[in-house]
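Shown next, in structure tokens, is the structure this report addresses.
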Amino acid sequence: MGTPTLIEVTAPRGAYTARYLHYGEHPDTLVPLLRRIWAETFTRNTAAMVTALLGRDWASLRINPRPRRSDRQRPVTGVGYPTAAGNGGTRHGQLGEDLDGFLEWLYLLHPEQHLVVVYEATCHARWLRHSLHHLDPVEDLFTVEPDPTDGEPQMTVCTVCAAVDEIEYHELPSMTGSGVDTSTICLRCGSSVATDPMFGGHVTRKPWPRS
């Protein structure tokens with residue numbers, strides 16, 4: 001069994017261009033892997049990584065893929081294993097559209113801002129925003145961490161003041177005229193992440209503790 005996923009890149013007016021990834025994995029696993037591929041394979045060149053990811057459909061991503069007798073396609077060094085079926089072509093769509101019922105995750109890359117926005121599929125065949133990550137982890141403001149009571153990744157933690165699940169998320173039609181503007185704010189310290197279709201992400205870290 002796989003974890004059907006789309007790896008996507010933003011396009012004008014809220015659209016996207018995507019490739020299929022069969023073993024997509026939970027963000028706890030795939031985001032760190034994307035960071036390693038970005039840093040080690042593409043030396044932090046986000047545009048080059050995007051070009052490679054959109055070049056074909058993928059069975060799985062791996063930092064050190066090795067040739068296997070069962071593979072019909074040769075592995076791509078530093079990136080992963082292409083699908084056995086080969087090139088299925090790019091997909092185009094809008095986040096607000098109904099999604100393929102077999103998909104579970106969507107990883108939306110913002111090349112100019114070096115951001116990854118993760119969406120998860122809902123039972124209503126829609127995408128629900130799950131989390132936002134910088135390819136450079138030093139820039140992350142909010143992180144998703146395991147709940148110590150059951151080990152599930154349920155807690156959103158502010159890296160400024162350590163508040164747990166004290167965030168507020170807003171999404172409005174963008175003032176740029178296309179797509180949406182978003183803001184994620186820590187209700188404890190006021191630190192925030194704002195995104196818009198034109199300028200991407202902007203992180204504001206408030207002083208903590210307050211003087």
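Where residues in region 41-54 are under 10 Å from V79 (Cα atoms) and in a helix (DSSP H, G or I), which of them is most open to solvent (accessible area, probe 1.4 Å)?
Selected residue: T41.
Can you pull out the residues in region 153-187 that are under 19 Å from the mean Cα position of the chain (by Cα) and modelled with pLDDT under 80?
Residues satisfying the conditions are P153, Q154, M155, G179, V180.
Yes or no: region 6-17 includes at least one residue that is over 20 Å from S131 (Cα atoms) and touching a residue at least 24 places away in the same chain (Cβ under 8 Å).
Checked against the condition, which is being over 20 Å from S131 (Cα atoms) and touching a residue at least 24 places away in the same chain (Cβ under 8 Å), region 6-17 yields at least one hit.
For region 69-96, which residues satisfy the criterion of being at pLDDT 80 or above and open to solvent by 80 Å² or more (accessible area, probe 1.4 Å)?
Hits for region 69-96 are R74, T77, R91, H92.
The values are calculated or read from the model by the stated rules, or taken from the named source; none is laboratory data. Predicted model only: the values in this text are computed from it and were never measured. Don't worry about glycine lacking a Cβ; one is built from the backbone with ideal geometry, like all the others, and counts go over all protein chains shown. Protein only, heavy atoms only, side chains kept; ligands, DNA and RNA dropped before computing areas. Shrake-Rupley method; radii C 1.70, N 1.55, O 1.52, S 1.80 Å.
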